[in-house]
Amino acid sequence: MENKELHVSGTLVWYYYICQREVWLIGHQIVADQDDANISLGRFIQEYSYPKERKELVLGHSRIDVFRAGNEQLIIGEVKKSSKYRQSARMQLAFYLSELRQLGVEAKGELRFPKEKQKEEVKLDDQMEKELDKVRRDILRILYLSQPPEPVKIPFCKKCAYTEFCWS
């Protein structure tokens, strides 16, 4: 990509663990089918779950779903419709915690799965920071490819809003 600065975001970290082709597509502003039922459902769950908490804290090139002030500490939350991709969600939230730490803000994280009535605390540790450093570098490597990685059939493809783009 010429003359365009590319950035790693929490969304790209999330998709990195699921589909690296999608990382490239999102990073190049190739927008998925916004009328896709799964995108609409995810948007609805994020919007209407946890009505008493503040929504969408913008942090650099990322958007944190919910946040609140805890006992002398900021608590940020990532809302997902399912815990099926828990590791992706955990690393996305760790990315947000890392970005906040770089700004001098220590925070706690909570993964939230409202349909399943589950919540998981996420704490940023040295091992996660090391993994995030590796992931940031690899996401940038993917973004600077001249073409997207070849599609790979995975279970996620069945509900992906890019299905037609990859498999038509």
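The values are calculated or read from the model by the stated rules, or taken from the named source; none is laboratory data. Here the structure is a predicted model, which means the values were calculated and not measured. Virtual Cβ from ideal backbone geometry, glycine too; neighbours counted across all protein chains shown. For accessibility, only protein heavy atoms count, side chains too; no ligands or nucleic acids. Shrake-Rupley method; radii C 1.70, N 1.55, O 1.52, S 1.80 Å.
Overview of values
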quantity: Scan of the range 134-164 for residues that are of a type in the set (A, V, I, L, M), part of a helix (DSSP H, G or I) and open to solvent by 30 Å² or more (accessible area, probe 1.4 Å), ordered by number; calculated: Leu140
quantity: For Val105: the one exception among (1) touching a Lys or Arg at 6+ places or on another chain (Cβ under 9 Å); (2) under 20 Å from Met128 (Cβ atoms); (3) in a loop (DSSP other than H, G, I, E, B); (4) of a type outside the set (Lys, Arg); calculated: (1)
quantity: Qualifying residue in the range 78-90 (condition: over 17 Å from the mean Cα position of the chain (by Cα) and either without any contact (Cβ under 8 Å) to a residue 24 or more places away in the chain or surrounded by fewer than 20 Cβ atoms within 10 Å (Cβ to Cβ) (or both)); calculated: no
quantity: In the range 64-82, the residues that are over 14 Å from Gly10 (Cβ atoms), in a loop (DSSP other than H, G, I, E, B) and in contact with a Leu (Cβ under 8 Å, 6 or more places away or on another chain); calculated: Lys81
quantity: Candidate set: the range 50-72, residues that are at pLDDT 70 or above and out of contact with any helix residue (DSSP H, G or I) (no Cβ under 9 Å at 6 or more places or on another chain); chosen: the one most open to solvent (accessible area, probe 1.4 Å); calculated: Glu72
quantity: Qualifying residues in the range 25-38 (those that are open to solvent by 20 Å² or more (accessible area, probe 1.4 Å) and not β-branched (Val, Ile, Thr)) - the one modelled with the highest pLDDT; calculated: His28
quantity: Hey, Glu99 buried (at least 20 other Cβ atoms within 10 Å of the Cβ) and among the acidic types (Asp, Glu) or not; calculated: yes
quantity: Answer from Ile18, Ile75 - the residue that is at pLDDT 75 or above, open to solvent by less than 30 Å² (accessible area, probe 1.4 Å) and under 11 Å from the mean Cα position of the chain (by Cα); calculated: Ile18
quantity: Unique residue being of a type outside the set (Asp, Glu), within 16 Å of the chain's Cα centre (by Cα) and more than 29 Å from Ile30 (Cβ to Cβ) when the list is Val135, Val58, Val122; calculated: Val122
quantity: Cβ-Cβ under 9 Å pairs, at least 6 apart or on other chains, the range 150-166 side of a type in the set (S, T, N, Q), far side modelled with pLDDT under 80; calculated: Thr163/Asp33; Thr163/Asp36
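Yes/no matrix, rows are residues, columns are (1) of a type in the set (Asp, Glu); (2) in contact with a Gly (Cβ under 6 Å, 6 or more places away or on another chain):
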| residue | (1), (2) |
| --- | --- |
| Gly104 | no, no |
| Arg112 | no, yes |
| Lys119 | no, no |
| Asp126 | yes, no |
| Glu129 | yes, no |
| Ile139 | no, no |
| Ile142 | no, no |
| Lys159 | no, no |
